[in-house]
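Following: one structure in structure tokens, then a few remarks.
The values are calculated or read from the model by the stated rules, or taken from the named source; none is laboratory data. Every value quoted in this text rests on a predicted model; they were computed, and no experiment measured them. Virtual Cβ from ideal backbone geometry, glycine too; neighbours counted across all protein chains shown. Just the protein is used for accessible areas: all its heavy atoms, side chains included, with ligands, DNA and RNA removed. Shrake-Rupley method; radii C 1.70, N 1.55, O 1.52, S 1.80 Å.
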Amino acid sequence: MNCARWIHAAFAFVLIVPVAHAQNEQIPHLVHEVERTQLLVDGNPFLILGGQAGNSSASNLEDIEVVYRALDAIHANTAEIPLSWNLLEREPGRFDFHLVDGAIEGARRHHLKLVFLWFGTAKNATFSYVPDWVKSDRITYFRAHDASGREMDAISPFCDAALKADQRAFSAVMRHIHEFDRQYHTVILMQVENETGLIHTDRDYSPAAAKAFEGQPPSNLLSYLQEHREALTPALQNAWKQAGYRKNGTWAEVFGDLAPEVFSAWSVSRYVDGVAEAGKAEYAIPYYVNVSLMNTGSARAGDWPSGGPTYHVIDVWKATARHIDILAPDIYRVDFPQMATIYNRPDNVLFVPETGFAPYYAPYVFTTLAGMDGIGFSPFGIDHAYKDGTFTAAGAALEENYRILRPLLPIIARNRYRGTLFPIVLEMYRHESVAISLGDSLTAVVHFDEKFVADTEAHRGGGIIIKLAADKFIVAGEGFHIEFAELKGIPRNSEYLSIEEGTFDGEKWVTKRVLNGDEENTTLLTRQPRILQVRLNRTLK
Ligand code: DGJ
């Protein structure tokens, strides 16, 4: 190599290597510290105010545009858009990415981030999104069987040919997204499959599955369970305990009555992890799976999708699906906080990729982000935010909450895991007032304007308190007023130094209005969301 070429090559090395490194560092990723997880996008913590498109709202770009417009109108920052395997690979090995590209370009135009939902082998515990050539070849792509030997409308988790085909398609998708988006980071998360598990059977009884069920649980599963023995969810812990924490034996010998569901969770999570692993080899942004929860009144696995990452078998998924970063609950149950708590674990940051699109669920965005340090919230069916040019009840409820949350996101992100975020939600059984301990001998007594009405269409007040200092708070939301009760000395409420209405520009408070006289109170009227900065006089000892 002559000298000039050598110098050129050396420069190329110096210039190219750090750039490539920087790009790699900046792809959306999760950062885990002890029991804390941040989603970083472009190097900054990102919180998702999302909305999910209906299942059939992403088969053409015009419909996707409608979804994006609805998201703009409600101040969302992220779209969740399905990607159907059957539309992407109508013929084996021939991929059509025009919906992928169009969805990404549209999101960029609308300044939205994007979560793609890979509807591959599994969709709501069936196979409705697999290509026709998979569905119609029941020998190669064999199906799960129920206990009576009947073929089900789901691919068997033991079907290697289906796994290979799904891996090929998903890795093609991720390779393409990497090429198309790696410098823009529009796509921030991938959902792998959709609500996995098997419905109407407790496990797969196909010949391949039956053979595996007669064998032993794999040693890596058992050693993981052993390592986390004290922290396993109750059903799994009890089942294994009753078998004397056996480390060998058939599935039934080791897990007793829970064996079919544990076996199903292991086989389904192994399959999904295989798909995720293939995708991660192409583009390793964070991946999650969504969970169809166990409904109240369901008795046995198969009443809910058996083998999905439900409460019973979360630990089996954690042991097996090592390429899945988050197990994310779809919460359509009215006991939202209880369900969210299950998935808010040191090894699993809370992300709610679906919840009911109804006024009842809208204030749970505060529970998710402020109460549980979650990274995102995203009601399902967001295309219905509007009807005839006006917001629907659900659209209005979400818009009111997202409108005040949007400017607060940097402050919320900075306050996560500090115990300085407090959700305010009018809950059933909590009547019209709640006392929220703020620390430093201070309690916020929240009086709601309305009573709780047991109807998911009824409006519910809600909001957030952010503690900036012992005497300084952000209060945002609507439908309540607050008294700050001093806990030390004679019973009294704090005096105010100032109350300002305003917003944030990044992390800088911007005052719009100073409240005094008749307005010197922390009142956030129903359906009139606003952000207040409250300073208290705490000099009286
Ligand atoms: C949960 C699924 O994950 C969604 O794709 C959709 O089918 C909703 N259920 C409908 O309620």
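For the range 261-300, the candidate set comprises residues that are closer than 23 Å to Val31 by Cα, outside any helix (DSSP H, G or I) and open to solvent by less than 40 Å² (accessible area, probe 1.4 Å); within that set, the residue that is farthest from the ligand (Cβ to nearest atom) is Tyr283.
When we screen Ala435, Ala393, Ala476, Ala485 for residues that are among the hydrophobic types (A, V, I, L, M, F, W, C), in contact with a strand residue (DSSP E or B) (Cβ under 9 Å, 6 or more places away or on another chain) and open to solvent by 40 Å² or more (accessible area, probe 1.4 Å), the only hit is Ala435. For the range 164-187, enumerate the residues that are assigned to a helix (DSSP H, G or I) and either surrounded by fewer than 23 Cβ atoms within 10 Å (Cβ to Cβ) or among the charged types (D, E, K, R) (or both). Within the range 164-187, Lys164, Asp166, Gln167, Arg168, Ser171, Ala172, Arg175, His176, His178, Glu179, Phe180, Asp181 qualify.
Taking first residues from the range 33-48 that are over 23 Å from Phe380 (Cβ atoms) and free of Cβ contacts under 8 Å to residues at least 60 places away in the same chain and partners that are of a type outside the set (Val, Ile, Thr) and open to solvent by 90 Å² or more (accessible area, probe 1.4 Å), the Cβ contacts under 9 Å between residues at least 6 apart in sequence or on separate chains come to Gly43/Glu25.
Entry remark, the range 236-260: residues being closer than 21 Å to Ile199 by Cβ and open to solvent by 10 Å² or more (accessible area, probe 1.4 Å) number 3 in total. Within the range 363-392, being farther than 19 Å from Asn290 by Cα and part of a loop (DSSP other than H, G, I, E, B) holds for Pro363, Asp388, Gly389, Thr392. Residues that are within 16 Å of the ligand (Cβ to nearest atom) and open to solvent by 10 Å² or more (accessible area, probe 1.4 Å) were ranked within the range 359-386; the one that is nearest to Leu71 (Cα to Cα) is Asp383.
For the range 1-54, the tally of residues that are at pLDDT 50 or above, more than 19 Å from Asn344 (Cα to Cα) and of a type in the set (Gly, Ala, Ser) stands at 4.
Can you go through Ala396, Ala413 and tell me which one is in a helix (DSSP H, G or I) and more than 21 Å from the chain's Cα centre (by Cα)?
It is Ala396.
Would a scan of the range 111-131 turn up a residue that is more than 16 Å from the ligand (Cβ to nearest atom) and farther than 20 Å from Glu399 by Cβ?
yes
For Ser84, the conditions (1) under 18 Å from Val192 (Cβ atoms); (2) crowded, with 23+ Cβ neighbours inside 10 Å; (3) in contact (Cβ under 8 Å) with a residue 40 or more places away in the chain all hold with the exception of (2).
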